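To start, the structure under review is shown below, and the notes come after it.
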């Protein structure tokens, strides 16, 4: 088995409601995660979320497509 090549050092900070900030390597500013549209509705958050952000699943899909 080969040696570990990389360990990602990530910190998640829960702010308010569904808003979280992810502190990621190589990013100067934290990346906000939240809810929007149908996902907000599914979790019982008003569809008019004051500050909608991409969800974690949006990032997973984007990463898989990359």
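The values are calculated or read from the model by the stated rules, or taken from the named source; none is laboratory data. None of these values were measured; they are calculated from a predicted model. Cβ sites come from the backbone with ideal geometry, for glycine too, and all protein chains shown count toward neighbours.
Numbers below:
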quantity	calculated
Checklist (1) touching a residue at least 12 places away in the same chain (Cβ under 8 Å); (2) exposed (fewer than 10 other Cβ atoms within 10 Å of the Cβ) applied to residue 20, failing item	(2)
Qualifying positions in region 20-48 - in contact with a helix residue (DSSP H, G or I) (Cβ under 9 Å, 6 or more places away or on another chain) and not in a strand (DSSP E or B)	34, 35, 36, 39, 45, 46, 47, 48
Residues that are more than 24 Å from residue 6 (Cα to Cα), out of contact with any strand residue (DSSP E or B) (no Cβ under 9 Å at 6 or more places or on another chain) and at pLDDT below 85, drawn from region 24-66	46, 47, 48, 49, 50
Subset of region 37-55 [surrounded by 16 or more Cβ atoms within 10 Å (Cβ to Cβ) and either under 12 Å from the mean Cα position of the chain (by Cα) or free of Cβ contacts under 8 Å to residues at least 12 places away in the same chain (or both)]	52, 53, 54, 55
